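Here is the structure we will look at, set down as structure tokens.
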Amino acid sequence: MGEIYGESPHPWTLVIGKPQSSSEQGLFDSLPGTVVRRDDPAGIKTVRQKDFDVAIVFGDAPHLDYKLMVIQIGGIGVLETIRSTNFVARMQGAPLGHSQLLSIESENIPDGISIEQQRALAENVSKQQPHILLRRVTGTAWDEKGINPLIREKDGEICCGWWSRGAQGDAERWWFPAYSPDLSSWRSAIYSRWNSILPDAFPDEAEDWARSPEWMTAREEVSFRALVEHQKETEIIYTSRKSEEQELQNQLQAVHSEIDSTTRLLLTAQGKPLVSSVISALMKFGFTVIDSDDDKENGAYLLEDLKVIYGEWVSLVEVRGYAKGAKTSDFQRIERAVRHYEREHSRVPNGRWYVVNHNIKAPPSSRPTVLAGATDDIEVFAEEHGLVVDTRDLFKLLKRVEDGSLSPDSVRAHLMGSTGVLNPSAVLEAHDSETVR
């Protein structure tokens, strides 16, 4: 294996949440090795949990990788699935206890924690009324299997403890109530225990005592504090930028939703929603558009979907949406509409358009050419001033008009002067050529 870039001293610690007491801050300040902090639990999405050795959690915890050692302070307890060969259960802290008569389970206390520190932890639990209880829950039943208590109520309910996180390795999870005292000492004792389990991940802290703030010189402490302040500033900037990013995400989602219900219907809709989106697009090109369904008399037979007008120029428009390919049989419907228009107005319309959203179940970029293989039918249609418009091309032209890179006049003129199958690149090339001159 080659050189590992970015390697730094172990343990690699992921800190989630903010310390809420001087004891919790002391725990944070005592952390050895490499520390990455995410005040917002959602921030762990920006790290790769498998890179870390341990998670220190202040408050409620998100889902954590099962290889991680965990120390959690406060929150509503723990809710995570514990797997072994015999059971699948959940450890949780939802139930509450009230007893002030507590038992210290010394056999589960790590080496290095004095009797006074054990009693201080019990005193903190006693003062919290009510306090959280830890249970293993299977279905609707509960027991204490797998939990190693540090502090119990007199009748046996567990107030503080630790357990193996399952059959996937040696990972452990230790849970302490909020405001537990002297947490830096508990952390040091737990790390010493973990040194015997994972010595590479949790090296002996005694070998690195010269790097603890207590035994730094004044010059070292200045540099250390400068680093700590820089990390705090970095976290503030990160939090601010993440907040701004979320706001931009919300704005983008709002725009997506608006466009999905309007312009993007050109690519997704059939029936009346598609007709409405085509009307909106053509009006932005400067046409007057009449919805023939709204214009017809009661009981009258609907021939065309739209009349598109610019001055004295008129085109009859059939709008169709298909899950599969477009149909040349729709040309006959347009022809009937033209003959009806000719009888009423003593002249044929200037144009006849077939606007179609086809193969709508496929992404637009994957759809075939409109009416591919129907060259002869298209040529006959074009001879009568017929134009086939793929709504994908209508969408592209509309986008260029809305961003200001094409004028509505140029698009309108191109549509009025085109026959056969609309070629949007022609209007784009003409526009680019004008721009160069």
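Numbers below:
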quantity	calculated
Flagged links, alpha-carbon separation over 28 Å, of Lys327/Lys361; Lys242/Lys396; Lys361/Lys399; Lys242/Lys284; Lys18/Lys127	Lys242/Lys396; Lys242/Lys284
Ascending count of other beta-carbon atoms within 10 Å, so fewest first, for Thr138, Thr391	Thr138, Thr391
Three-way shape call for segment 110-162 based on the alpha-carbon gyration tensor, with the a/c threshold at 1.5	oblate
Debye, to nearest 20: dipole size of the chain, +1 on Lys, Arg Cβ, -1 on Asp, Glu Cβ	1000
Paramagnetic reach from Glu214 in segment 21-36 [backbone N under 12 Å; point 7 Å along Cα→Cβ]	30
Choice from Trp12, Trp142, Trp175 with maximal GNM fluctuation in the chain (Cα, 10 Å cutoff)	Trp142
Long-range Cα-Cα pairs in segment 105-262 (distance over 27 Å), rounded percent	52
Full-extension gain in nm, Ile259 to Lys284, via 0.36 nm per residue minus C-alpha separation	7.5 nm
Exposure proxy ranking, count of Cβ atoms within 10 Å, fewest first, for Met69, Met216	Met216, Met69
Residues with amide H under 5 Å from that of Arg135, placed H, sequence gap 5 or more	Gln92
DSSP-defined antiparallel bridges as percent of all bridges, segment 265-436, nearest 5	40
Evaluated at q = 0.06, 0.08 Å⁻¹: base-10 log I(q)/I(0), Debye formula over Cα of the chain	-0.53, -0.67
Order of Val275, Val255 under a 10 Å beta carbon neighbour criterion, fewest first	Val255, Val275
Amide hydrogen neighbours beyond the local backbone of Trp313, cut-off 5 Å, H modeled	none
Cα-based shape type of segment 341-411, given that a ≥ b ≥ c are square roots of the gyration tensor eigenvalues and the cut on a/c is 1.5	oblate
Local net charge near Ser164, Cβ-Cβ under 9 Å (Lys/Arg +1, Asp/Glu -1)	0
Residues whose placed amide H lies under 5 Å from that of Trp12, excluding near-sequence neighbours	Thr34, Asp53, Val54
Gained length - Lys232 relative to Leu252, 0.36 nm times residue gap less alpha-carbon distance	4.2 nm
Candidates Gly59, Gly417, Gly311: whichever shows maximal mean-square fluctuation once the chain is modelled as a Gaussian network with Cα springs under 10 Å	Gly311
Nearest 10 degrees, 0 to 90: helix 183-197 Cα axis against the chain principal axis	90
Prolate/oblate/rounded call for segment 265-436, Cα gyration tensor, a/c under 1.5 rounded	rounded
Calculated from backbone phi, Karplus (6.51, -1.76, 1.60) coupling profile of segment 396-411 in Hz, x at Gly/Pro	5, 5, 4, 4, 5, 5, 5, 8, x, 7, 9, 8, x, 4, 5, 5
DSSP bridge pairs, the chain: antiparallel proportion in percent, nearest 5	50
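Coordinate-derived values only; no laboratory data. In this text the structure is predicted, and so the values were computed from the model without any measurement. Quick reminder, even Gly has a Cβ in these numbers, built from the backbone with ideal geometry, and neighbours come from all protein chains shown.
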